[in-house]
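The values are calculated or read from the model by the stated rules, or taken from the named source; none is laboratory data. In this text, all values refer to a predicted model and were calculated from it rather than measured experimentally. So basically every Cβ, Gly included, is an ideal-geometry build from the backbone, and we count neighbours across all protein chains shown. Areas reflect the complete protein model, heavy atoms only, side chains present, ligands, DNA and RNA absent. Shrake-Rupley method; radii C 1.70, N 1.55, O 1.52, S 1.80 Å.
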Amino acid sequence: MSQPVLLKVYGGFMPASPRLHEALRQIAGTALPAENVCVALDGDMASLSFEGIYFPLEETLEAIREYANEETRGRLDVLDIENWTLCRHEINGKEISARSQGLNSVLDYSGF
């Protein structure tokens, strides 16, 4: 029997180094189920996508902070289906800010 999808995590940022890609790949391997995660590096653009029941978000954000440089820009969106929220993590160099919004009204806000 398959597990329900409780979390969806999608993101992309650049520039990203091969060291960051490898760190994210290792961290993502602890997600449940691990086969539902994709970490890719295309040139200096890293992307991440996941659907499942558990994702190591804090470890992922720590790795991004550790390996980011001042030019790194991007975002990581976490859709929490159980709590019906979207939390967007904006990556701006080594700084990561987060804001949340209920999924029922997330499209009402331009730029969210």
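Here are the numbers for this structure:
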| read-out | value |
| --- | --- |
| Separation of the Met45 and Leu107 label points, Cα + 7 Å toward Cβ, nm | 2.5 nm |
| Percentage relative contact order, the stretch 2-112, counting C-alpha pairs under 8 Å, at least six apart | 29 percent |
| Of all accessible heavy-atom area on the chain, the percent that carbon and sulfur account for (1.4 Å) | 51 percent |
| Net charge over other residues, Cβ less than 12 angstrom from the Cβ of Val5 (K, R count +1; D, E count -1) | -2 |
| Sites excluded, GluC sites (Glu not before Pro) in DSSP loops with at most 15 other C-beta within 10 Å, longest stretch of the chain | 1-69 |
| Calculated on alpha-carbon atoms, Rg and Dmax of the stretch 38-112 in Å | 13.2, 36 |
| The stretch 39-101: trypsin sites (Lys or Arg not before Pro) in DSSP loop, at most 16 other beta carbons within 10 Å | Lys94 |
| Inter-probe distance in nm under a simple model that places probes 7 Å from Cα toward Cβ, at Ser97 and Trp84 | 2.8 nm |
| Probe 1.4 Å, accessible area per residue of the chain, Å² | 58 Å² |
| Cα-based equivalent ellipsoid of the stretch 1-91: semi-axis lengths in Å, sorted from largest, via gyration tensor | 22, 14, 10 |
| Rounded accessible area of Ser100 (nearest 10 Å², 1.4 Å probe) | 80 Å² |
